[in-house]
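Below is one structure; the comments refer to it alone.
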Amino acid sequence: MTARREFTITEEYHYNRQGPVRWIISHIMRYPLLPLAVTLGIFLSNLFYSWVPQLTGQAFDVVIAPQPDAQTLLWIAVGILVLRGLSGLTGLGGAYLVEWLAQLMERDARDELYISLLGKSQTFHSRQRVGDLLARATNDVHQLNLMINPGLNLIVDSTLALLIPFVLIGLLRLELLLVPVMFLVVLIVTVWDYNRRLTPVTEAQREQFGALNASLTETIAGIEVVKAYAQEWQERRKFTAQIRRYRDLFVQEGEIRARYLPLLMFTIARALAFLHSLWLWAQGAITLGEVVAFNGLVSLLDFPTFISIFTFSLVQLGLASAGRILALINTETELDENEAGMRQPIRGEVVFDHVSFAYDGALVLKDISFQAQPGETIAIVGQTGSGKSTLTRLINRIYDVTAGRVLVDGVDVRDWSLEALRSQISTIEQDVFLFSRSIAENIAFGLPTADQQAIERAAREAQAHDFITSFDQGYETEVGERGVTLSGGQRQRIAIARAFLTDPRILILDDSTSAIDSATEDQIQRAMRRISQERTTFIITHRLSQIRWADRILVLRRGQLVDQGTHEELMARCEPYRHIFARYD
């Protein structure tokens, strides 16, 4: 299944996403030689190891013979030594290869998930809890590693450790298979029942871990609000409740494990197998050495029986994690990158043709129509919640219209290549996001190839150069997560410099100077006026100084365009605008 997305890479390997099991298998089979080599190594290791009891039985027959043959015993001892050595070497090779496969699985799954998240729409990300996304991208992905090794590795190992002794027992004497076959049937039934009861618990564990991580992330991200309202104890109580629910699921898993019957069944089967072999020996059907060899082979079934209680838990956790990861990857995004769409320089003409937009079923914008000519500056005003920011986000397709069309240079934005469209549109918002990188890297984020001279020129235009050079490390100063080491005004000026550097054909300013003092704002506005003459500019602001120099003003009220015109025209005829102006004044 291929989900729609806003971003892809051509080198992406195509996995089968029709279910967690198929997805995991497709990841494993990306490297087909590795699982084959791992299986071969495990098979040879178990074959060599399982052959030792047969040689031990033969040695026992030699020892109890009337005239023991010392040379034969020596060769048997050498054979046992060689088999043990070969078993160790092949086991070591298999262990190395399976760990390699597990690490590749974790790396590829994390890359696939990360690329998928980059390609999701803003609507998708707005609905997600960041902590849960982080839990899936880190802990759930790592759980896939553990599912491969030791999980699936030990399942293959224990399966062969069951089958090979069965074959060797059959080669000794078919009658000896009676008790082992009965045990195998009981083992299959009990393991199936164990997995049936364990599956919902492991799935709940992964979901609860995601909820726990989301709650922790929200609290840490909002720690300033928590402390401002003295809610530390309340948040601690909520987190403790989440922890307890997570703990209870592990207790429930422990109760299921405590009722694991195969270990008891194996003890009974081993006693019955011993009695059966002695009975056959008493009947003269087998030798005493074959009794020893048979019981030695039966004892090898102990490891796969014991380890199954551990391995199936890891596999169930891995499948639950794979399901959570795949749920994100397969989620259809509302937008498509339209890679084959229009790619050409934008002139800057923007037309809204009877545009309506609904978010989660609620109508936000209703039948809006207007036209912005290239190089024109359009101010958008309206009360809080009137749809100003939403309107501008339809231009660069953060959202798609519900009805009508948004045209850029006469072409529907949905017919543009999304990358070509967005690379020529810059947005500066009030809530500026800076990455935990240097100031230079943040300014050059939209144009990574920019040289230092271009970065500094953009910073000077944004009135940011002086405060940047006042830092000890200048443009190489690390700004901390989300730019916490900078003031609000400094962050906004860096964001403005970032927009200036990309030289966009359409510039969107969403209250971008709200945290800047008046003197600095005047300087920035002069720079904005200079660059806005060469591009189409949309301004969302409550600053009268910016509203006045707009070529045209759009007045929004409850999602509708009630009027448009110059400041003087609107003051003369538009009551809603006069009301807004009175508030701003």
Discussion item. Rounded to whole Å, give me the distance from the Cα center of the range 295-347 to that of the range 91-120.
Written reply: 10 Å
Response to the item:
Hits for the chain under the membrane-span-like helix rule (DSSP H, Cα axial span at least 27 Å, Kyte-Doolittle mean at least -1.0) are 33-63, 70-118, 153-172, 178-221, 262-282, 302-329
Worksheet item: Residues with amide H under 5 Å of residue 535's amide H, sequence separation 5 or more or different chain, H placed in the peptide plane at 1.01 Å from N; which?
Response: 375
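Could you work out the helix-only [θ] at 222 nm for the chain, with each DSSP H run of four or more residues adding -39,500 (n - 2.57) and the total divided by the number of residues, to the nearest 500 deg cm²/dmol?
On the way: 23 runs with 347 residues, N = 585.
Only helices count here, giving -19500 deg cm²/dmol.
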Response to the item:
The answer for residue 356, listing residues at least 5 apart or on another chain whose modeled amide H is closer than 5 Å to its amide H, is 367, 368, 402, 403, 404
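Mind checking the alpha-carbon convex hull of the range 346-449 and giving the volume per residue in Å³?
Per residue, the Cα convex hull of the range 346-449 comes to 136 Å³.
Which number do you get for Rg(Cα) / (2.2 N^0.38 Å) in the chain?
Details: Rg = 35.0 Å, N = 585, 2.2 N^0.38 = 24.8 Å.
Scaled against compact globular proteins, the figure is 1.41.
Work out the FRET efficiency for residue 400 and residue 225 from their Cβ-Cβ distance, taking R0 = 56 Å, and round it to the nearest 0.05. Mind showing how you got there, number by number?
Details: r = 33 Å, r/R0 = 0.59.
The computed FRET efficiency comes out at 0.95.
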Worksheet item: Working out 0.36 nm times the residue gap between residue 96 and residue 373, then minus their Cα-Cα distance, what length gain in nm do you get to one decimal?
Response: 93.2 nm
Response to the item:
Note on the range 107-203: C-alpha Rg/Rh, Kirkwood Rh, two decimals, gives 1.24
Practice prompt. Classify the range 276-432 as rounded, prolate or oblate from the Cα gyration tensor: take a ≥ b ≥ c as the square roots of its eigenvalues, call it rounded if a/c is under 1.5, otherwise prolate when a/b beats b/c and oblate if not.
Written response: prolate
Practice prompt. Quickly work out the residue 384-to-residue 283 label distance, labels modelled 7 Å from Cα along the C-beta direction, and quote it in nm with one decimal.
Written response: 9.0 nm
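Whole number please: convex hull volume per residue of the Cα set in the range 222-261, in Å³? Intermediate values should be presented prior to the final figure.
Working: hull volume 1.7 nm³, N = 40.
Hull volume over Cα atoms, normalised by residue count, gives 43 Å³.
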Worksheet item: How far is it, in nm, from the label point at residue 485 to the one at residue 13 when both lie 7 Å from their Cα along the line to the Cβ?
Response: 3.9 nm
Worksheet item: Accessible area, 1.4 Å probe, largest first: how do 238, 120, 227 sort?
Response: 227, 238, 120
Discussion item. Quick check: pseudo-label points 7 Å beyond the Cα along Cα→Cβ at residue 238 and residue 435, how many nm apart are they?
Written reply: 3.1 nm
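Top to bottom by accessible area (1.4 Å), largest first, where do 244, 393 land? Walk me through the numbers on the way to the answer.
Values: 244 135, 393 70 Å².
Result, largest first: 244, 393.
The values are calculated or read from the model by the stated rules, or taken from the named source; none is laboratory data. Bear in mind that the values here come from a model prediction, so they are computed numbers and not experimental data. Heads up, the Cβs are rebuilt from the backbone with ideal geometry, glycines too, and the neighbour counts pull from every protein chain shown. Just the protein is used for accessible areas: all its heavy atoms, side chains included, with ligands, DNA and RNA removed. Shrake-Rupley method; radii C 1.70, N 1.55, O 1.52, S 1.80 Å.
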